[in-house]
Amino acid sequence: MATEKKSEIRALLGLTQAQAAQLLGVTRAQFSMYECGKRSLPTEAMVKYSEYVVYITQVIPTPKPISKELHEKEIHASMDLLLEKYQLKQLKLERSVKKIKKEYQKAMALEQILVLEQKNTTKQNDALLDQMMKEAQEKMKKNNTLVQLEKEFEIEALKILIDQLHSKKAKLL
């Protein structure tokens, strides 16, 4: 038996010599010598080996080679899915940025009104105004310009990625 045939089970299953040997119930050295053609396997191991090879080659279908056309179709389909995914993510980020800016503007306007109101208030309203001021400042902190910029940078990066995918897809056509 040629060395390629003797390594068949390892190649078909992606095993190391040690793993194949363990599967057949022999030592790694015995299996190595068998592969090199210096020694035969014990009968029990040889029977197992033959059964495994028959099972692998006959029962498990070998994948058919993919035609170039089919391969290109799969690539285009994958690219279309990626484009759709990135475009959706871009849209979500753009909506998120709009919402963040709107919340920031509302909180900033409320803070300015509360500053004016605190000048004209009685002590009874101070606690309520202070609470409202804290909430407005928390909203401004949560929706600050840094958060907005981060999301806008993500959008720009997605736009570049989308453009690159479009150009690669066009080159494949």
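Per residue of the chain, what 222 nm ellipticity follows from adding -39500 (n - 2.57) for every DSSP H run with n ≥ 4, rounded to the nearest 500? Dividing the helical sum by the residues of the chain leaves -27000 deg cm²/dmol. Model label points for Ser167 and Lys142, set 7 angstrom from Cα along the Cα-to-Cβ axis, are 4.0 nm apart.
Among the listed pairs Lys89/Lys139; Lys92/Lys168; Lys151/Lys171; Lys85/Lys139; Lys89/Lys169, which have their C-alpha atoms separated by more than 28 angstrom in this model? Over 28 Å apart, Cα to Cα: Lys151/Lys171; Lys85/Lys139. Charges were assigned to the Cβ only: +1 to each Lys and Arg, -1 to each Asp and Glu. The resulting dipole of the chain about its Cα centre is roughly 140 debye. Taking 7 Å steps out from each Cα toward its Cβ at Leu88 and Glu117 produces label points 4.2 nm apart. When we measure straight from the Cα of Lys119, which lysines land under 22 angstrom away, once same-chain ones fewer than 8 places off are left out? Output for Lys119: Lys106, Lys134.
Measuring between their Cα centroids, region 4-57 and region 134-173 lie 55 Å from each other. Radius of gyration over Kirkwood radius for region 68-172, both on Cα atoms: the Rg/Rh ratio is 1.35.
FYI, it's all coordinate maths here, none of it is from the lab. Since the structure is predicted, the reported quantities are computational estimates derived from the model, not experimental observations. So basically every Cβ, Gly included, is an ideal-geometry build from the backbone, and we count neighbours across all protein chains shown.
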